[in-house]
1. Only residues that are in a strand (DSSP E or B) and open to solvent by 20 Å² or more (accessible area, probe 1.4 Å): list them for the range 276-318, please.
2. Quick check on Arg321: is it closer than 30 Å to Ala480 by Cα, open to solvent by 30 Å² or more (accessible area, probe 1.4 Å) and more than 16 Å from ligand 2 (Cβ to nearest atom)?
3. Kindly state which strands (runs of 3 or more DSSP E) lie completely within the range 400-480 and contain at least 1 residues that are within 13 Å of ligand 1 (Cβ to nearest atom).
4. Would you say Ile273 is touching a helix residue (DSSP H, G or I) at 6+ places or on another chain (Cβ under 6 Å), buried (at least 19 other Cβ atoms within 10 Å of the Cβ) and over 19 Å from Gln227 (Cβ atoms)?
5. In this structure, does Ile444 turn out to be within 16 Å of ligand 2 (Cβ to nearest atom) and either touching a residue at least 12 places away in the same chain (Cβ under 8 Å) or of a type in the set (Asp, Glu) (or both)?
6. Within the bounds of the range 344-357, is there any residue that is away from ligand 1 (no atom under 16 Å from the Cβ) and in a strand (DSSP E or B)?
7. Could you check how many residues of the range 470-495 are of a type in the set (A, V, I, L, M) and within 21 Å of Gly390 (Cα to Cα)?
8. From the list Gly377, Gly335, which one is over 19 Å from Ile308 (Cα atoms), away from ligand 2 (no atom under 16 Å from the Cβ) and at pLDDT below 95?
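The values are calculated or read from the model by the stated rules, or taken from the named source; none is laboratory data. Owing to the predicted nature of the structure, the values given are computational and were not obtained by experimental measurement. Note that we place each Cβ from the backbone using ideal geometry, even for glycine, and neighbour counts take in every protein chain shown. Quick note on the areas: whole protein, heavy atoms, side chains included, nothing else; ligands and nucleic acids left out. Shrake-Rupley method; radii C 1.70, N 1.55, O 1.52, S 1.80 Å.
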Amino acid sequence: MKTRTKAAIAGIVGAIMAFGLAELVHGFYEGVPSVFTSLAQGVIELTPGEFATRAIETLGQADIPILIASMVIGGLVVTALLAIVRLRSAIAAIAAVVLLGAVALAAVFTQPSVDPVPTVATIIGSLAVGAMVAEALIRYAGLAGAPASPNTAETPSLETSGSEAASGQMAGVRRRDSGPDESIQVDRKGFLTLSGAAAAVGLVFIGAGRFLSGGVGAQEVAEQPLQIPEATNGSGGEDTSGGEATTNEVTNETLPEPPESASLEIEGMPELITPAANFYLIDAALTSPRVDVDNWSLSVTGEVDNPIELSYSDLLGMSTRESDVTLSCVSNEVGGSLVSNGRWTGVMLSDVLNEAGVSRDKLGAANRQLVGRSVDGWTAGFETQIALDGREALVAFGLNGNELPVKHGYPVRLVIPGLYGYVSATKWLEEIELTNWDFDAYWIQRTWTKEGPIKTQSRIDTVSSDDSLSAGTIPVGGVAWAPHRGISMVEVSTDGGESWNEARLATQLDEDTWRQYAYDWQAEPGEYTLQVRATDGEGETQTADERAPHGGGGTDGATGYHTIDVSVA
Ligand SMILES: Nc1nc2c(c(=O)[nH]1)N[C@H]1C(S)=C(S)[C@@H](COP(=O)(O)O)O[C@H]1N2
Ligand SMILES: [Mo]
């Protein structure tokens, strides 16, 4: 085995140990962020918008494994190189370790709720232990710190690599570094055994840390039913300086069960209200922040007459309501699944704004934009007037009768009917800032379109191209949505758009939600191209122009008709 190979192995083992220790501490204590996750997040944040576009928004899907794999490979290469550098210059190696430590620190401190002292201690400690493990392995192998053992089979290879220009220097370093380990040199087998054992310990640490920190709280919170305090008049809305002629009456409005006529019982039809576990998921963050509601508050800041700060119980003490709203991601492909319908519980955003002294007649350039800010710094912004035009824009804390799942923004998020998530639906909300239109939120900084109204779309759910269809009546159905405009008509084509057939519509649950449709197709054997198109409540039919979500001219949502080729036997 070559000297460099051994050194590289030693470096990699040291890195595994360092990461293992750091992950282990993170597993026991959330105040110390995962270094690995933080670094991965750093990579995401530093990736230019054009590249990041697809990758980040769909992290929930395939890109996480790719990101993690490239990080692991990158990390292994870096540490292997570092150990090889060490053979030439201990000083350079130490400098590089210090640099890595600085990078790790910079990365972890971008994470929300960092406990500084244990975090710094963990990083310094794990790096030191990792470096010591690597150094010990290097010395055991007789690569540095002691003259090569005469009985080590690999000795000549040291000399081989030493034939390079730096060999004199290296020998010098070796002598200077001569430590107490001279006597404990091992042969190749011993080196591999020691390395393997150390790597195994590090991997166990990584596994344990991941296990301890992974998933535990998320599921528990998702199951938690939402508890809204009994409405008592005058218990909320104490502050009337907003000047609105509001009564102090607190109400908690709930919705009846959706009418049966709002659902079409056809196989493959998505449930009218998406169960939380199936609700689509999009995050720029690799891990969901865990917010402790007792230490959480929502501030309304910026260009407001009366900045306010609401605790979780302040918020639940205001008038609440349930509202059915379909959320969609701008990255949803035509026919894609990044769209779901939730029954949200929350407080009207307009009520919260009124408390802060913002109202329709007080809107101007200075408070034109409403920016939601997450505890992890993510931002989204939209026209303030949208929150005040009467639509059920919510500061939401419940989904389908339960508290918000951690992944969907626990404890509080925004839900704005009619706007794509990236401009509006801030999860883990901690601040609402009123500001001018100049501010660019997270995805706008990454080149996406500033205004994000949801485009009218429709999807075929009950038939797919791999189905084996047989002649007869085939219900071609699915969902169509144009949140806040509603759906007035859905048409299905079986001949690739040559002719259109009006589908029957389920009752519209709400103009803010998707609507189910079905067309009973009398199918004869043959090859067909099925398409669907929807017309919104304003009479506008979705465009046939095919555009990818991030297609030319910016990111503002995919267009075109969902198209499926089928054969009927
Ligand atoms: N804090 C925070 N809020 C966020 C995001 C995010 O990355 N961070 N993603 C947004 C995007 S792009 C969408 S489409 C919706 C998705 O909400 P969901 O994951 O609950 O479906 O949340 C929005 N809110
Ligand atoms: Mo999104």
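1. Of the range 276-318, the ones in a strand (DSSP E or B) are 297-302, 308-311.
Result: Ser297, Ser299, Thr301, Gly302, Ile308, Glu309, Ser311.
2. Numbers: closer than 30 Å to Ala480 by Cα: yes; open to solvent by 30 Å² or more (accessible area, probe 1.4 Å): yes; more than 16 Å from ligand 2 (Cβ to nearest atom): yes.
Considered against the rule, which asks whether it is closer than 30 Å to Ala480 by Cα, open to solvent by 30 Å² or more (accessible area, probe 1.4 Å) and more than 16 Å from ligand 2 (Cβ to nearest atom), Arg321 comes out as yes.
3. Values: elements: 413-415, 429-435, 457-460.
The qualifying strands (runs of 3 or more DSSP E) are 413-415, 429-435.
4. Working: touching a helix residue (DSSP H, G or I) at 6+ places or on another chain (Cβ under 6 Å): no; buried (at least 19 other Cβ atoms within 10 Å of the Cβ): yes; over 19 Å from Gln227 (Cβ atoms): yes.
Answer is no for this residue.
5. Working: within 16 Å of ligand 2 (Cβ to nearest atom): yes; either touching a residue at least 12 places away in the same chain (Cβ under 8 Å) or of a type in the set (Asp, Glu) (or both): yes.
The answer is yes for Ile444.
6. Of the range 344-357, the ones away from ligand 1 (no atom under 16 Å from the Cβ) are 347-348, 350-357.
Filter once more, so that each one left must be in a strand (DSSP E or B): 347-348.
Looking through the range 344-357, at least one residue is away from ligand 1 (no atom under 16 Å from the Cβ) and in a strand (DSSP E or B).
7. First pass over the range 470-495, keeping only residues of a type in the set (A, V, I, L, M): 471, 474, 476, 479-480, 482, 487, 489-490, 492.
Subset that is within 21 Å of Gly390 (Cα to Cα): 482, 487.
Total satisfying the criteria: 2.
8. Values: Gly335 fails: at pLDDT below 95.
It is Gly377.
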